[in-house]
1. Identify, from the list 378, 356, 306, the residue that is surrounded by fewer than 21 Cβ atoms within 10 Å (Cβ to Cβ), assigned to a helix (DSSP H, G or I) and either at pLDDT below 95 or in the same structural domain as residue 85 (by TED's automatic domain parsing) (or both).
2. Hey, can you tell me all the residues within region 152-167 that are more than 18 Å from residue 193 (Cβ to Cβ) and modelled with pLDDT of 95 or more?
3. Output the number of residues of region 344-372 satisfying the condition of being touching a residue at least 40 places away in the same chain (Cβ under 8 Å), over 19 Å from residue 12 (Cβ atoms) and touching a helix residue (DSSP H, G or I) at 6+ places or on another chain (Cβ under 7 Å).
4. Taking region 257-275 on its own, how many of its residues are touching a strand residue (DSSP E or B) at 6+ places or on another chain (Cβ under 6 Å) and in a helix (DSSP H, G or I)?
5. Restricting the first residue to region 89-117 and requiring it to be in the same structural domain as residue 265 (by TED's automatic domain parsing), which pairs with a second residue that is assigned to a helix (DSSP H, G or I) meet a Cβ separation below 7 Å and a spacing of at least six or different chains?
6. For region 257-272, what are the residues that are buried (at least 21 other Cβ atoms within 10 Å of the Cβ) and under 20 Å from residue 337 (Cβ atoms)?
7. Would you confirm, using the coordinates I've provided, whether residue 154 is in contact with a helix residue (DSSP H, G or I) (Cβ under 7 Å, 6 or more places away or on another chain) and more than 26 Å from residue 335 (Cβ to Cβ)?
8. How do the pairs read when you match residues in region 200-215 that are under 21 Å from residue 264 (Cβ atoms) with residues anywhere that are outside any loop (DSSP other than H, G, I, E, B) and modelled with pLDDT under 95, using Cβ under 9 Å and keeping only pairs 6 or more apart or on different chains?
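The values are calculated or read from the model by the stated rules, or taken from the named source; none is laboratory data. Nothing here was measured: the structure is a model prediction, and the numbers come from that model. Cβ: placed from backbone, ideal geometry, glycine included. Neighbour counts: every protein chain shown.
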């Protein structure tokens, strides 16, 4: 058993959306195929992944360092003890050879994307959905049939006002979602407050509305938004500050009693540990939002979860960033709080299986081997072409 090739291509998102900090007009993502010599249904098994959304393609690092390290390793050194499948932990270790500790952002996304693609191949070789493979390895073998799913939206777009925002939310509720997240910080506070008030008129209570500032606030603006939003008691206030600005984040938490969500812009276990130690976060209400393919992948994520558990955090407080099939499998496999969805936002990289349906705020986990990209026709076409 061996990996015969690893291929990457960059794909443009081609989106005109913007949040409080930037627009997505230049955004790209890396799509990866890990090709093996294991044959199923007459074809070599290939695992796929992409580096989520909100980060740029990172193929240069893959091609220069991480792919050659994997392909140059002895095949048996990357296999599990039984020799009948790949071992993602060994493959992660191979990619980390000769890497200096620290400096995670420069490499964590490239490594994590390859690693998640390896997991897709592992699950396909095993003939099981990835969430079941993860549940067997990390969750005592128990995996739910469905997971909570909220929808991310409420972007700033040309010509989009309060009425259009309400129409967007109604359309998501009609699709089966119950909790909506909208952007804040791209307008003046009074205008954003009106947007929040308008959204609350559509959703069934403040527990079903979250807001996201995309880490775009300085101290003055973060505290001002915290005070302005406090009376609404929203589901959570996401990324009021840079997550590494621990003192400021703790200051926001001291004046904002409702839940805070953060962590999608962190890239290592140490980053997350520093956040929960020094950022003033509260285990009884706040939300951790790690993006797994962007932070070294699933093996390292399991170590991060173990660290969080030691520090008093429960799985129900972990909502991994990224509304895609990868996140869905990870949330189900580890039994976490829920996943995000981006219907109609990021083209072929948004959402789940083409026939997936959200019912009363829950999404059923797929029964297809691997991550289940094969049930996303447009995205799978790109991945299949990449793997040949």
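1. Checking each option against the conditions leaves just 378.
2. Of everything in region 152-167, just one residue is more than 18 Å from residue 193 (Cβ to Cβ) and modelled with pLDDT of 95 or more, namely 167.
3. Total meeting the criteria: 8.
4. 0
5. Filtered contacts from region 89-117: no entries.
6. Those that are buried (at least 21 other Cβ atoms within 10 Å of the Cβ) and under 20 Å from residue 337 (Cβ atoms): 259, 260, 261, 262, 263, 264, 265, 266, 269, 272.
7. yes
8. 210/152; 212/152
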